[in-house]
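What follows is a single structure, written as structure tokens, with notes after it.
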Amino acid sequence: MINKRLLIKNLLSHNDENSFYDKKQKLSLSSKDGKAKFLKHICALSNANPSNNSYIVIGVEDEENKIIGVDFFDDSKIQNLVNAYVKNPPKIEYENVPFPSLPRHKVIGLVTIYPNNKIAELLKNTWKYRKGTVFYRRGSNSMPFYGDHFELRNSNAEIVEAIEKNASNNIELTLNGVFDFINNHHPENNPQYKVFNEQFVLCWAGKRKLINKEEFFSRVDIELINEQVRIFFSSLDDVQITINKNSFIVTEYILLGIDKSETHYPLEKTIINFKENGQHDIVKEFLFKPPKYDANIIHLIYNNCIKIVKKIAKNTTLSAIEYEDVLRLPTNFLICYLHGYLDVAEHLKKAKNYVRSLDDKTTYIKYKEALRIIRKVQYQ
């Protein structure tokens, strides 16, 4: 197995980006230009590496090669984006890799582009890039190809194979990973490990609580130590955990409601299956069935949220009641979205800086959670 943290270190040791790896400070898949640039790099790296893996490392300051981290990204449908916009799409995988130097809520993102041996090109127009465009790598740059015939060339297989071999996991790295995980979590979160099929080491931690006599966990963190990959992370949401001989199952819930009348709704189930042949897979099942409220009440909530955002945009002082409403702005906008107000994400983003500056940091966490759930619902 490849230790992904060590793999990232090995990639970054090639200080300059090249034809088999790229590095980014962050991804902006919610914007047209950010999505288009991501697809451009996927196509270019795939075309430059027809017989070996290629990589994008996310959360690294480019000039100084400094590890700064990004938020945990749990969007398993990122492959759908590539499939929708790319002809001959390569298989890609996004993984969250924790680093001891980063805060617990930050990771380094690792995008693996698996070899395709086919020419990847844009299937449709996206931003300023036209349908049918083929991209390739020239050193650290992803460039459009303007010639008559693009030829796939296998030039990186040996060096990438050597980098991956040097990132192979071993007993020392596994033990260090377990101790790092346990030492980095508070005792009240009960950090622990479990071994599956005598080879997979899974560490997890979470704060236990009982809700209506049912066991839930909050602030849950789950890592597959063999690969040094964070599989699940929750800042606020409550989850239920089920463990059997070959599987670790996490069911995530979200708390929704108007005012203080809130209910837990199952959002998504993540099933980690460990196989006898040294393989594992992760299956996600979307469970969410949103609540339905009176349309007139939702319309009033929507208008109130829009009014608050407009005042924030104009730097107008909020009343005491409006300030209290800001604390519920992410949840209220999310409820509006689930009732057909599909523009709420753009309105919510206008309040980002204001929400992030609040003393109550819970509101900003809810802001990010609301956008995450909107993204998940859109993919469904």
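A few notes on this one:
- Each Cα pair under 8 Å and six or more residues apart adds its sequence gap; the mean of these over the residue count of the chain is a relative contact order of 12 percent.
- Viscosity 1.567 mPa s, 4 °C: Kirkwood-radius Stokes-Einstein D of the chain over Cα pairs, µm²/s: 57 µm²/s
- Residue separation of HIS14 and THR263 scaled by 0.36 nm, minus their Cα-Cα distance, works out to 84.7 nm of gained length.
- For THR316, THR112, the sequence from fewest to most other C-beta atoms within 10 Å is THR316, THR112.
- Sites LYS128 and LYS26, calculated FRET efficiency, Cβ-Cβ separation with R0 25 Å, nearest 0.05: 0.75
- Given +1 at the Cβ of Lys and Arg, -1 at the Cβ of Asp and Glu and no other charges, the dipole of the chain around its Cα centre is 1140 debye to the nearest 20.
- Among complete DSSP H helices in the chain, those whose alpha-carbon atoms stretch at least 15 Å along the helix's long axis and whose mean Kyte-Doolittle hydropathy reaches -1.0 are 32-48, 171-183, 295-313, 361-379.
- Set of aspartates and glutamates with alpha-carbon distance to LYS349 below 15 Å, sequence-local pairs under 8 removed: GLU369
- Each of ASP180, ASP360, ASP237, ASP259 was scored by other Cβ atoms within 10 Å of its Cβ. Arranged with the fewest first, they read ASP259, ASP360, ASP180, ASP237.
- Listed pairs LYS310/LYS368; LYS131/LYS366; LYS91/LYS376 exceeding 28 Å between Cα atoms: LYS131/LYS366
- Karplus-derived 3J(HN,Hα), 6.51/-1.76/1.60, for each residue of the range 146-152, Hz, glycine and proline x: 10, x, 7, 9, 8, 10, 6
- Least to most buried among ASP325, ASP294 (fewest other Cβ within 10 Å first): ASP294, ASP325
- Sum of -39500 (n - 2.57) over DSSP H runs of 4+, divided by residues of the chain (222 nm, nearest 500): -10000 deg cm²/dmol
Quick note: the coordinates plus some simple rules give every number you see, no bench work behind them. On a predicted model such as this, the values are computed, not experimentally measured, just so you know. Virtual Cβ from ideal backbone geometry, glycine too; neighbours counted across all protein chains shown.
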